[in-house]
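**Student:** Structure in structure tokens, see below.
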Amino acid sequence: MAAALITGSARGIGAAIALRLAKDGFDVALNDISEKSFENNDIMEQIKAQGVKCEKFIADVSKSDQVEAMVKAVKELFGSIDVLVNNAGITRDGLLARMSEENYDLVIAVNQKSVYNMMRYVAPIMMKQRSGRIINMSSVAGLHGNAGQFNYSASKAAIIGMTKSAAKELGSRGINVNAIAPGFISTPMTDQLSEEQKKAILELIAMKRYGNVEEIAGVASFLAGKDSSYVTGQVIEISGGLSM
Ligand code: NAP
């Protein structure tokens, strides 16, 4: 059975992708930063109910040594890594003039360096298999910028460059690398926005609503599946028409 590893998958978009890939028939390796992230949720049970294998791997994806150990453990348990979804991400928003170096460095480490860490250790496994799908979670903030998200936009724009470079390097080995750029999706991350910010954002969205996590998971399923076999190096924006 093919296996998928999804980072930051205890909740939110990552959990929805994990469940969707389980429904598609993949064994699922969940990852999050701590055991606590999995408390009070039943994502593992929901995935196992699909009749596939599921295990959780605790690792901080910004840390190279933890990623190396996790990738080794996933490969040992599942036998292969066929789909990698680099989903873990954080925000530490603030205006540029007041942004601390600590918050800049933290967001770059968790959102951007993690993608390097994960691809560095998973790509050789996929190269040996001569097949694999890598899906990197960018954002509309990486495509278009966003006031108050200088650090976050930088990390998400970098992911687009990393996706395209890796697609060019790995294409001849049968590995497709694509990015998803969600707009505003209802998750704990967007719950942090003020009512005023939420109202202003809705004005800009053609479909006049936020997206839901299943709408991101559906596109991840397409990028992980047979129908996208000739799609690589692309960024798919899922934003209800936030930008056109
Ligand atoms: P979320 O609900 O905050 O979930 C993110 C998950 O990542 C959490 O479970 C979190 O764990 C985990 N995580 C954080 N740091 C980690 C680390 N160092 N190592 C491993 N796991 C870590 O966020 P989301 O809204 O689902 O977003 C998922 C991805 O989509 C992110 O990359 C985000 O930037 C991107 N995105 C989201 C939106 C949106 O509207 N929601 C829009 C565009 C892009 P804990 O919280 O337990 O620490």
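The values are calculated or read from the model by the stated rules, or taken from the named source; none is laboratory data. Keep in mind the model is a prediction, meaning the values are calculated, not measured. As a convention, Cβ positions derive from the backbone with ideal geometry for all residues, glycine included, and neighbour counts pool all protein chains shown. Accessible surface is based on the protein model in full, side chains and every heavy atom, while ligands, DNA and RNA are left aside. Shrake-Rupley method; radii C 1.70, N 1.55, O 1.52, S 1.80 Å.
**Student:** Mind checking which of Met126, Met99, Met44 has the largest fluctuation in a GNM of the chain, springs on alpha carbons under 10 Å?
**Tutor:** Answer for the Gaussian network model of the chain: Met99.
**Student:** A further question follows. On a 0 to 90° scale, report how tilted helix 114-129 is relative to the longest principal axis of the chain, with both axes built from alpha carbons and the result rounded to the nearest 10.
**Tutor:** Helix 114-129 sits at roughly 30 degrees to that axis.
**Student:** Kindly write out, for segment 30-40 in residue order, the coupling ³J(HN,Hα) from the Karplus curve 6.51 cos²θ - 1.76 cosθ + 1.60 (θ = phi - 60°), rounded to whole Hz, with x marking Gly and Pro.
**Tutor:** 8, 9, 7, 6, 8, 4, 4, 4, 9, 6, 6
**Student:** Taking 7 Å along the Cα-to-C-beta vector as the label spot, tell me the Asp42-Ala200 distance in nanometres, rounded to one decimal.
**Tutor:** 4.0 nm
**Student:** Could you go through segment 136-148 in sequence order and give the Karplus-derived ³J(HN,Hα) for each residue, using 6.51 cos²θ - 1.76 cosθ + 1.60 with θ = phi - 60°, rounded to whole Hz, and x for Gly and Pro?
**Tutor:** With the stated coefficients, segment 136-148 comes to 9, 8, 8, 5, 4, 5, x, 7, 10, x, 7, 4, x Hz.
**Student:** Continuing with this model, one more query. How many angstrom separate the Cα center of segment 67-112 from the Cα center of segment 1-39?
**Tutor:** 15 Å
**Student:** Tell me, what % of the accessible area of the chain is carbon and sulfur with a 1.4 angstrom probe?
**Tutor:** Carbon and sulfur together cover 52 percent of it.
**Student:** Given the peptides 184-196, 57-69, arrange them by the average over their residues of other C-beta atoms within 10 Å, most packed first.
**Tutor:** So the peptides 184-196, 57-69, ranked by packing, come out 57-69, 184-196.
**Student:** Something else now. Using modelled amide H (1.01 Å from N, peptide plane; none on Pro or chain starts), what sits under 5 Å from the amide H of Ile185, excluding residues fewer than 5 places away?
**Tutor:** Amide H neighbours of Ile185, under 5 Å, 5+ apart: Gly211.
**Student:** Continuing with the same structure: Put a dot 7 Å past each Cα toward the Cβ at Ser34 and Lys53; how far apart are the dots in nm?
**Tutor:** According to this spin-label approximation, the distance is 3.0 nm.
**Student:** Classify the chain from the C-alpha gyration tensor, please: rounded if a/c falls under 1.5, else prolate or oblate depending on whether a/b exceeds b/c. Intermediate values should be presented prior to the final figure.
**Tutor:** Values: a/c = 1.44, a/b = 1.41, b/c = 1.02.
Rounded, because the longest to shortest axis ratio a/c is under 1.5.
**Student:** To continue, here is another question. Given the DSSP H assignment, sum -39500 (n - 2.57) over each helix run of at least 4 residues in the chain and divide by its residue total; what's the result at 222 nm in deg cm²/dmol, nearest 500?
**Tutor:** -13500 deg cm²/dmol
**Student:** Counting only residues 5 or more places away or on other chains, whose amide H sits under 5 Å from the amide H of Gly148 once H atoms are built in the peptide plane?
**Tutor:** HN-HN under 5 Å from Gly148: Leu96.
**Student:** How large is the accessible surface of Leu242 in square angstrom, using a 1.4 angstrom probe and rounding to the nearest 10?
**Tutor:** Using a 1.4 Å probe on the heavy atoms, I get roughly 40 Å².
**Student:** Rank Val107, Val115, Val219 by mean-square fluctuation in a GNM of the chain with C-alpha springs under 10 angstrom and give only the top-ranked residue.
**Tutor:** Result for the chain, Cα springs under 10 Å: Val219 fluctuates most.
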